[in-house]
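Engineer: Submitted below is the structure of interest, expressed as structure tokens.
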There are 2 protein chains.
Amino acid sequence: MQKQVAIAVDMMSGDSGADTSCRAVSDAISRGDACQFILVGRRTEIVQHLKKYPCRLDHVKIVDCDDVVRMTDNPLLALRKGRRTSMWIALDLVKQGVAHACVSAGNTGVLMAMSRYLLKMKDGIQKPAICTYLPIEDDKEVLALDLGANVDCQPNHLLDFAKMGSDLHVKESPTVGLLANGTESIKGNQLVKSAHDLLASTASLNYIGYVEGDQLFKGVADVIVCDGFVGNLVLKSCEGLTRMLTNEIANVSRNSWYGVMVKSLLKKALSRFDPQNRGAAILLGLKASVIKVHGAACHRVFLNGISEALKNARHHGDQHVTTPDSCYAE
Amino acid sequence: MQKQVAIAVDMMSGDSGADTSCRAVSDAISRGDACQFILVGRRTEIVQHLKKYPCRLDHVKIVDCDDVVRMTDNPLLALRKGRRTSMWIALDLVKQGVAHACVSAGNTGVLMAMSRYLLKMKDGIQKPAICTYLPIEDDKEVLALDLGANVDCQPNHLLDFAKMGSDLHVKESPTVGLLANGTESIKGNQLVKSAHDLLASTASLNYIGYVEGDQLFKGVADVIVCDGFVGNLVLKSCEGLTRMLTNEIANVSRNSWYGVMVKSLLKKALSRFDPQNRGAAILLGLKASVIKVHGAACHRVFLNGISEALKNARHHGDQHVTTPDSCYAE
């Protein structure tokens, strides 16, 4: 029997507010996700949106709160003044043991700062990293991190990412590569060169050296490590390119009689690479599970975030779950 | 009437040596490129390969040299000891006014160091940058730089890239964007944040702010600026992804009766994005034209490099062209 777990959902912080998150929660309930949802945000808005997406509400609780972290908010300022925001309260529910995992589509920098402050880092890890499995050749996947949590890194941060990625990977002793501008030892910027020496001298890692951008999809390493600025740009560029190429082919096929067949073929071939079908990103290195959904995510992507949270939460399902005073089933 | 120009071709420095470069030169001659080719490299190898790809040789001269820059060579060491390499001699021919442009598929770092030493920088520019036009939505292109020449940059280098890109762009006062992990002013790593302030306060630039990775293909800016480490990784990741997606669709279509039609449609839709159909990269900021071809380039890409060199050389076609003593038509 599956353990009963609770997931705290920051309903307000994404670009589209409670609409997208409500639809995702409704979809999760409708598909039978065995879990308690604690929805954090403006009660009136949540109730209004949930009415649009009917679902059984016996496992839903709402924690009412007025304040929201904005995408433009400064992490340090939000940390000082944001204790009444939906993001803070959702994370605090995990800290208090009321929920086992948190999902948020909010400001990455603030989510990272608040998670670090409230949930604390795992022993020996300095900064959380955003990681996800990316689809590559031959129906395989590569675990990539950091994808945007840390835009200014030191070599030891990249070492931490390599360790965290290796720990998370399903394989025993997965190979680890450093993303660089060439495979020769003279390549790399100063950060990557220093990190290369650190990784190469860490016996617990199965480090294979530099991996070039065009090798990223070849499966030359199981775990790919980079700083968050580079990771974010590579990930988003690839997402933008996939969207453009899909549109280009769709446009060309629209004018031919066999366009419908091409469209279905395209859908089949590219569905794995559609960001909307991907699992959400995990904020790694914390003592509890935090799932980061893209700020502009549609309900399908948000739903993927809930799935990921559920998977992570089940690992911690033996924790005691209490019902906070301010929670009422609607 | 078109001016008679001369192009010095470093025949030896690419991964595949004289074979690829000879085939490209032969193709250029066969399609009627009105230009004198000065081929720099091992005479015996060049003659041997040219025999495989027959073409008229009355506009071809060979400068015999034994030494080659290797892909693993250190720029500073190569600068001290590489004066007898095909790369050095090809660049020196441009310096001497014997050739108007140089094409090389060699080690980027060494090509940059040698070009800088021999040909000197334009006034006010500190470092050369690699730039190219990338295909984006709606049949448009974006000029992107730096794509790999400078892996460790200072903010003023990004300012130089913005100026050089603006100067090169065909548009009057093109819009310039800085590649970053978000469009909000709190985004960017330390380098990009400092560069942002510099670019914003430079009146001669039409600076529009940060551009995210997924906006790269939307044409939100005419010129995209980034450091060479990021630029190289974004460019190569996108190349790798294009290759993988093309293969995925081809694999799926192989098993259907309308596969041939899909293949032709795919070719039509994606040909613009095929790296092999793209113009080569320009080493910008130097007092003369140097064209960088990818080290592992096939003959078609190398041919694109020759086309780009020819286009650039025609701007300088009024220079006096002499025939070096060691040149003999084969």
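The values are calculated or read from the model by the stated rules, or taken from the named source; none is laboratory data. Computed from a prediction, not measured in an experiment: that's the story for all the values here. FYI the Cβ positions are ideal-geometry reconstructions off the backbone, even for glycines, and counts take in every protein chain you see.
Engineer: Which one is farthest from the chain's Cα centre (by Cα), of the residues in region B:172-220 that are more than 10 Å from chain A (Cβ to nearest Cβ) and of a type in the set (D, E, K, R)?
Structural biologist: Applying the filter and picking the extreme gives B:ASP197.
Engineer: Just give me the residues in region A:230-281 being modelled with pLDDT of 80 or more and hydroxyl-bearing (Ser, Thr, Tyr), in sequence order.
Structural biologist: Hits for region A:230-281 are A:SER237, A:THR242, A:THR246.
Engineer: Got a number for residues in region B:111-140 being within 14 Å of another protein chain (Cβ to nearest Cβ) and within 19 Å of A:LEU233 (Cα to Cα)?
Structural biologist: Result for region B:111-140: 5.
Engineer: Does at least one position in region B:223-245 carry a residue that is more than 14 Å from chain A (Cβ to nearest Cβ), in contact with a Cys (Cβ under 7 Å, 6 or more places away or on another chain) and either of a type in the set (Ser, Thr, Tyr) or buried (at least 22 other Cβ atoms within 10 Å of the Cβ) (or both)?
Structural biologist: No.
Engineer: Could you tell me whether any residue of region B:4-16 is surrounded by fewer than 17 Cβ atoms within 10 Å (Cβ to Cβ) and either at pLDDT 95 or above or closer than 17 Å to B:CYS298 by Cα (or both)?
Structural biologist: yes
Engineer: Looking at A:LYS268, A:LYS263 in this structure, which one is among the charged types (D, E, K, R) and facing chain B (nearest Cβ under 7 Å)?
Structural biologist: A:LYS268
Engineer: Something else now. Restricting attention to region A:246-255, report how many residues are more than 7 Å from chain B (Cβ to nearest Cβ) and more than 27 Å from A:LEU235 (Cβ to Cβ).
Structural biologist: 2
Engineer: Would you pick out the residues in region A:209-219 that are on the phi < 0 side of the Ramachandran plot and either out of contact with any Asp or Glu (no Cβ under 9 Å at 6 or more places or on another chain) or without any contact (Cβ under 8 Å) to a residue 40 or more places away in the chain (or both)?
Structural biologist: A:TYR210, A:VAL211, A:GLU212, A:GLY213, A:ASP214, A:GLN215, A:LEU216
Engineer: Condition first: over 30 Å from B:ASP15 (Cα atoms), within 22 Å of the chain's Cα centre (by Cα) and within 13 Å of another protein chain (Cβ to nearest Cβ). Can you find one or more residues in region A:157-166 that meet it?
Structural biologist: Yes; the residues of region A:157-166 include at least one that is over 30 Å from B:ASP15 (Cα atoms), within 22 Å of the chain's Cα centre (by Cα) and within 13 Å of another protein chain (Cβ to nearest Cβ).
Engineer: Among residues belonging to region B:87-140 that are surrounded by fewer than 18 Cβ atoms within 10 Å (Cβ to Cβ) and among the polar types (S, T, N, Q), point out the one that is farthest from B:ASP222 (Cα to Cα).
Structural biologist: Ranking the qualifying residues of region B:87-140, first place goes to B:GLN96.
Engineer: Residues in region B:271-296 that are touching a residue at least 12 places away in the same chain (Cβ under 8 Å) and either within 13 Å of another protein chain (Cβ to nearest Cβ) or part of a helix (DSSP H, G or I) (or both): how many?
Structural biologist: 9
Engineer: Okay, next question. Please give the strands (runs of 3 or more DSSP E) falling wholly within region B:50-137 in which 2 or more residues are assigned by TED's automatic domain parsing to the domain that holds B:VAL220.
Structural biologist: B:129-135
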